[in-house]
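Visitor: Structure in structure tokens, see below.
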Ligand SMILES: [Zn+2]
């Protein structure tokens, strides 16, 4: 499922990408642009803004009521299912698809030495080339997901 997320839900957008969903999040978009893009690209609108959901042009949306990320994910639980898994994550910076990267020299230049020597697996964004590794960030993610998606 493809989503488009309003400006108030940046953190939720990041989490949805980590879960492997295709998410548009752009702080420069106003409400009208957001709604148009949702229609053109057949995306579900995720919003915290009552003003958006009451517009006629808006058909498919999830209205988020909580300010807390765990509760926000819980509100989307039915749509998220069990998630696509971390290996299918999207880049949290640009929404690009991640691929499994070999532990080679060009990875070495992109991560701290300590990380390079203590990790065997890396993921890389196919669009902006940002490098990811399974560290404390992912552990935290897994813990929250276990609570939320149980
Ligand atoms: Zn990227």
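The values are calculated or read from the model by the stated rules, or taken from the named source; none is laboratory data. Note that this is a predicted model, so its numbers are computed, not measured. Here the Cβ positions follow ideal geometry from the backbone for every residue, glycine too, while neighbour counts run over all protein chains shown.
Visitor: Just to be sure I understand the filter: pairs with C-beta atoms under 9 Å, separated by 6 or more residues or on different chains, first member in the stretch 116-131 and at negative phi and away from the ligand (no atom under 16 Å from the Cβ), second member assigned to a helix (DSSP H, G or I) and modelled with pLDDT under 90. Which pairs pass?
Guide: 116/107; 116/108
Visitor: Which fully enclosed helices (runs of 4 or more DSSP H) of the stretch 57-150 have 1 or more residues being at pLDDT below 75 and within 30 Å of residue 37 (Cβ to Cβ)?
Guide: 136-148
Visitor: Which of (1) modelled with pLDDT under 95; (2) touching a helix residue (DSSP H, G or I) at 6+ places or on another chain (Cβ under 7 Å) is the odd one out, the single condition residue 48 does not satisfy?
Guide: The number of the failed condition is (1).
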